[in-house]
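First the structure, in the form of structure tokens, and then the observations on it.
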Amino acid sequence: MVNKVVYCTTDPRLRGPGTDHVPILTVLELPAKRADRTPRYNFRVVEWEDFKKELATRMEELPEPGPIRSEEEYEAAVSGLTRVLQETIHAMVPVTRPSPHSKRWWSKELDILKKKKNKLSSTSYKYRALTGHPSHEEHRRIRREYSSTIVTAKRDHWTLSLEGLSYGDVWMANHYISGDGLDGGRTQIPTLMLHPHAAGGEAMVASTNEEKSRMLMKLMFPNKPEGCQSPDESYDNQLPSSDEIVEGQI
């Protein structure tokens, strides 16, 4: 693969929020088939007051509403209403070509914060030799704000998704939160290796959840050392007991 590497470098200016390391940028000369990006309407940036005014204007082109007495009248009313809605959407809703890396919880606020963070990151890196330069503190502040906004956006998006679930979507949500631990998007414990001196002479490798549980239990709750005797004496000064246990005590 060495001859496929175009370049490999780092860019400290693009350090992400909540991290203590810099990104490594690697470019490989490999053919990759790009997925087709179908244009779609971006309803999240629509000015809805202008949309309603445009829709009301176009609705005036339709015949006056009245009783529908035949199938032909019904088809004509539905077709006219659909045409007006589609024309208004085409005129008032911007079209976007979504990136394959786009995130549904992303917002304009995050876009602005990201640009501010990258700009301050470049300035802070430029004056990295001057520890007292004000750009460092401003950079830390905007990184904290950017990181917390991402967490809030993800939580709010998930909450809204759950609130709008239909009967069938409930099963999909349950699948998300109770899926297999091998899902790379979920927090998981990697394969563990126990050192030979701790494993009794031979290194142990744990890859399944059961094996990891046994290994962690062995390390966290070791066997009682040999020759250790439990005290036989009793304790007279016991803690006072009470029949009423409040939540704070628990």
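Bear in mind these aren't lab numbers, they're just calculated from the coordinates by the rules spelled out. Since this is a predicted model, take the numbers as computed values, not measurements. Methodologically, a virtual Cβ is constructed for each residue, glycine included, from the backbone with ideal geometry; neighbour enumeration extends over all protein chains shown.
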List the lysines whose Cα lies under 23 Å from the Cα of Lys52, skipping any in the same chain that are fewer than 8 positions away. Lys108
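For the chain, what does the helix formula give at 222 nm: sum of -39500 (n - 2.57) over DSSP H segments with n ≥ 4, over the residue count, nearest 500 deg cm²/dmol?
Numbers: 7 runs with 110 residues, N = 250.
That calculation yields -14500 deg cm²/dmol at 222 nm.
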Which one, [x] 1, 4, 5, 6, 7, 9, 11, 11, 10, 9, 6, 5, 5, 4, 3, 2, 1, 1, 1, 0; [y] 1, 6, 13, 16, 17, 15, 12, 10, 6, 3, 1, 0; [z] 1, 7, 14, 19, 22, 18, 11, 5, 1, 0, gives P(r) over Cα pairs in 5 Å bins from 0, in percent as derived from the coordinates shown? [x]
Excluding same-chain residues fewer than 8 positions from Lys115, which lysines have a Cα within less than 23 Å of its Cα? Lys103, Lys126, Lys154
With labels modelled as points extended 7 Å from the Cα through the Cβ direction, what inter-label distance (nm, one decimal) is found for Glu75 paired with Lys103? 4.9
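Report, to one decimal in Å, the Kirkwood hydrodynamic radius for the stretch 100-177 based on all distinct Cα pairs.
Numbers: mean 1/r = 0.0670 Å⁻¹.
With all distinct Cα pairs of the stretch 100-177 included, I get 14.9 Å.
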Shape metrics for the stretch 29-151, restricted to C-alpha atoms - Rg then Dmax, Å: 24.5, 82
